[in-house]
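The values are calculated or read from the model by the stated rules, or taken from the named source; none is laboratory data. Here the structure is a predicted model, which means the values were calculated and not measured. Using ideal geometry, Cβ is built from the backbone for each residue, glycine included, and neighbour counts are taken over all protein chains shown.
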Amino acid sequence: MHDNLIILAGGASSRMKKPTQSASLTEEEINQANERSKGLIGVGPNGRPLLDYVLYNARKAGYKNIYIVISEKGGLFKEFYGNNTRDNDFHGLNISFAVQYIPEGREKPYGTADALFQAVEQYPELNRQAYSVCNSDNLYSAEALLELRKAEAPNAFIAYDRDSLEFPHERVSRFAVAHMDNDNALLNIVEKPAVDDIPKYADENGKIRVSMNAFKFNGKVFYPYLKNCPVHPERNEKELPTALLNMISDFPGTAIGIPFAEHVPDLTAKDDIVDVKKYLEKHFPVLDWE
């Protein structure tokens, strides 16, 4: 098992900054949603951010080395998790920061594949090891993160049962569907499939599987696919699924979907703040780091 987890937190959070009609949010919560990275929005007691809970579950899963990819304006992360660029101790976790720089001529970051590429460029030792990757604004369970650590396949991802995510239909309809063979090897990631086509991507148990950006990669093999990841023609970003599909085109059968069923609390838009707070109050009344 490996000990490295890279958490992507350098995105522009465009949807979170859109206006809301909700009367349930405080002025402070709205201000944080407009100004902070999503993972740093104070949804826990005493204003602690969602990222605390991601780190808590990561530690329960056995990860030791955490690399948080932040933006050039991500200084607030260091106020929460350590002032040094490398090797901050946070409840026994070794936390380091990588910066996702925005290329000249762009206003927004270049996407998730670019974020991971910049991280492994800044920490090249990762290109000789296995590591996991996840988002900062999704609360994956410790059990799901442990499955990534335990995965024997060189590359893996959590293949969530779409119907267990407990999201509104509109949100779920935006997810790309993971098409796997009977051995759970990834064949394709299908973006916005036609409704009539979705059943043909079901796994052998009849479940539609989606990715929530929780991956394990062989650093040495994956590096060139990160480095050479093409820009998505519509979204104008370099995206992890693109790099992954390019890799399995050359190395079929080396990325395995791990079937999993759970709700994954998600901070995408302001209206999610209330739901995430309720979830944390119910399932994490206290974070016992001892």
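Given the options K78, K60, name the one that is more than 22 Å from E237 (Cβ to Cβ) and touching a strand residue (DSSP E or B) at 6+ places or on another chain (Cβ under 8 Å).
Matching residue, one of K78, K60: K78.
A quick yes/no check of all residues on (1) in a strand (DSSP E or B); (2) modelled with pLDDT of 95 or more; (3) within 15 Å of the chain's Cα centre (by Cα):
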residue: I95; (1), (2), (3): yes, yes, no
residue: A98; (1), (2), (3): yes, yes, no
residue: P103; (1), (2), (3): no, no, no
residue: P109; (1), (2), (3): no, no, no
residue: L126; (1), (2), (3): no, yes, no
residue: Y131; (1), (2), (3): yes, yes, yes
residue: C134; (1), (2), (3): yes, yes, yes
residue: Y140; (1), (2), (3): no, yes, yes
residue: L145; (1), (2), (3): no, yes, yes
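Does region 41-51 include one or more residues that are in a helix (DSSP H, G or I), in contact with an Asp or Glu (Cβ under 6 Å, 6 or more places away or on another chain) and at pLDDT below 95?
no
Give me the residue from region 69-128 that is touching a residue at least 12 places away in the same chain (Cβ under 8 Å) and of a type in the set (K, R) and, out of that set, farthest from P241 (Cα to Cα).
By that ranking, first place goes to K78.
Please go through region 204-237 and pick out each residue that is modelled with pLDDT under 95, surrounded by 15 or more Cβ atoms within 10 Å (Cβ to Cβ) and of a type outside the set (V, I, T).
Of everything in region 204-237, those that are modelled with pLDDT under 95, surrounded by 15 or more Cβ atoms within 10 Å (Cβ to Cβ) and of a type outside the set (V, I, T) turn out to be K207, R209, S211, M212, N213, H232, E237.
In region 58-81, is there at least one residue being touching a helix residue (DSSP H, G or I) at 6+ places or on another chain (Cβ under 6 Å), part of a loop (DSSP other than H, G, I, E, B) and under 30 Å from N205 (Cβ atoms)?
The answer is yes, given that some residue of region 58-81 is touching a helix residue (DSSP H, G or I) at 6+ places or on another chain (Cβ under 6 Å), part of a loop (DSSP other than H, G, I, E, B) and under 30 Å from N205 (Cβ atoms).
Please pick out the residue among E125, E107 that is over 19 Å from K216 (Cα atoms), out of contact with any Leu (no Cβ under 6 Å at 6 or more places or on another chain) and surrounded by fewer than 18 Cβ atoms within 10 Å (Cβ to Cβ).
Result: E107 is the single residue among E125, E107 that is over 19 Å from K216 (Cα atoms), out of contact with any Leu (no Cβ under 6 Å at 6 or more places or on another chain) and surrounded by fewer than 18 Cβ atoms within 10 Å (Cβ to Cβ).
Condition test on D87, is it surrounded by fewer than 21 Cβ atoms within 10 Å (Cβ to Cβ), of a type in the set (D, E, K, R) and either over 18 Å from E262 (Cβ atoms) or within 16 Å of the chain's Cα centre (by Cα) (or both)?
yes
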